[in-house]
Amino acid sequence: MTEFEARSRWSLAVRCDRMGAYALRGATPDEPDEIQRGYFERGKQLENHVYESLALQYGADDLIRSKPIPWPAGIAHGDIFIRSLGRSIEVKSLADPRPLDYHLAQLAGQILFDEDANDGALCVVNPSNLQRRWYPMPVVTDELAERVHATAQAVALSADPSSPLPPRVCGRPSDAQSHMCPFSGDCFAGWVAPDPVELEPDVALLVSQHAELDDELKQAKATVTDVEERRAVVREQLGKTIEPAREYLNRDDELVVRRTAVAGRVTWDVDLAIRMGAVDAATLEPFRREGSGYDRWTVKAAHLADVEPQDASRTLAGLVAGEVGRRGAVLMAALHHLYDDVELDRRSSGRARTCRGSRGLCGSRGMSSRVGRRGGS
Ligand code: SF4
């Protein structure tokens, strides 16, 4: 074992090559806060839970906890290994049962680097109700294998402190939250936000209108949700009287009501199945359909974008009224026409919203906005 092997962790490297490199070089990680420690503890508890079930099924002698697996930049540790099957098991705690992208890479590496492993499986446990969903990985696809080896090589090559670090996956410090990175302080030490492109007043007005329309859409969606919830309550009451497959008459208002039982729809996450190696993409090629790309627009307050607002006095009230969707499209088209790759920001209106993508680890709140043209996502 080299001095680096004890330091590097595959579970960090799969989230970001650079994170793996910091671990390899022995950088001091940030201490997890109380909430993060709680998440880690919960993860361990759920892993124990899965282990106990597997021990009943296969026998404890057939299982290995935290099996050490050498990889080019250190030692990985798979959660549970079933000897008789040569199966690597990775347990994840997620309310949404769909595993994350890096979970697949983590498991793929634990299969590829372990000469005892034949295949693997992700076990996603819902922490609220302990429901488990198993995702088998019978083979590691070429795409995943390529990614695993590229990550391993990038991290291993960074062992020499004089060598360059792998590129950042984060555009700015605030992005580190979504990667649960303990090295963001080192990574962004001395970083200065690039100056934003100043907009001409006519385009700046469009951005302000965009932000106002975002607010209107949010309020409209909240109204729709409220109406749907109230209608669901009425339907629940009606359901006590109205039987399926019959018509009932409300003579006062000349209304006929009918209740039709619709069976639940089965859907298949084919994309995930292909990536897990459970389905061969070539077999499905005739059924493949590709949608057209699009631009994703977001609007973020200047102070959340590490940008100093230039004009805090601008008011947006009264700029826009009615026909939100139509004029939103016009605004986007106008911005699209004028700027191909630009960031535009405005000061918060004071309304708070929780940022997405932080997986609940980020305490920042505030209305936010960034406008940037990107490829389809
Ligand atoms: S801050 Fe972002 S880019 Fe830097 S090491 Fe962490 S995850 Fe990677």
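Brief remarks on what is shown
- Evaluation of Glu212 against the conditions (1) within 16 Å of the ligand (Cβ to nearest atom); (2) crowded, with 18+ Cβ neighbours inside 10 Å shows that the sole unmet condition is (1).
- Odd one out for Gln36, checked against (1) at pLDDT below 95; (2) near the ligand (Cβ under 10 Å from one of its atoms): (2)
- Residues in segment 8-43 that are under 15 Å from Gln177 (Cα atoms), hydrophobic (A, V, I, L, M, F, W, C) and assigned to a helix (DSSP H, G or I): Leu12, Met19, Ile35.
- Flag if Thr267 is surrounded by 10 or more Cβ atoms within 10 Å (Cβ to Cβ), within 26 Å of His103 (Cβ to Cβ) and among the hydroxyl-bearing types (Ser, Thr, Tyr): no
- Exactly one residue out of Cys187, Cys181 is within 30 Å of Pro164 (Cα to Cα) and modelled with pLDDT of 95 or more: that is Cys187.
- Yes/no for Asp202 being away from the ligand (no atom under 16 Å from the Cβ), more than 22 Å from Lys44 (Cα to Cα), part of a helix (DSSP H, G or I) and not aliphatic (A, V, I, L, M): yes
Matching residues to (1) within 28 Å of the chain's Cα centre (by Cα); (2) among the β-branched types (Val, Ile, Thr); (3) more than 30 Å from Val299 (Cα to Cα):
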site: Gln219; (1), (2), (3): yes, no, no
site: Thr225; (1), (2), (3): yes, yes, no
site: Glu229; (1), (2), (3): yes, no, no
site: Pro244; (1), (2), (3): no, no, yes
site: Leu255; (1), (2), (3): no, no, yes
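- Test result for Arg168, within 16 Å of the ligand (Cβ to nearest atom), without any contact (Cβ under 8 Å) to a residue 60 or more places away in the chain and of a type in the set (D, E, K, R): no
- Within segment 4-31, the set of residues being within 14 Å of the ligand (Cβ to nearest atom) and touching a Phe, Trp or Tyr at 6+ places or on another chain (Cβ under 7 Å) comprises Val14, Arg15, Met19, Tyr22, Leu24, Ala27, Pro29.
- Residue within segment 55-71 that is in contact (Cβ under 8 Å) with a residue 60 or more places away in the chain and under 28 Å from Leu24 (Cβ atoms) present: yes
- Qualifying residue in segment 175-196 (condition: more than 27 Å from the chain's Cα centre (by Cα) and surrounded by 10 or more Cβ atoms within 10 Å (Cβ to Cβ)): no
The values are calculated or read from the model by the stated rules, or taken from the named source; none is laboratory data. Everything numeric in this text was worked out from a predicted model, so none of it was measured. Neighbour counts run over all protein chains shown; Cβ positions are idealised from the backbone, glycine included.
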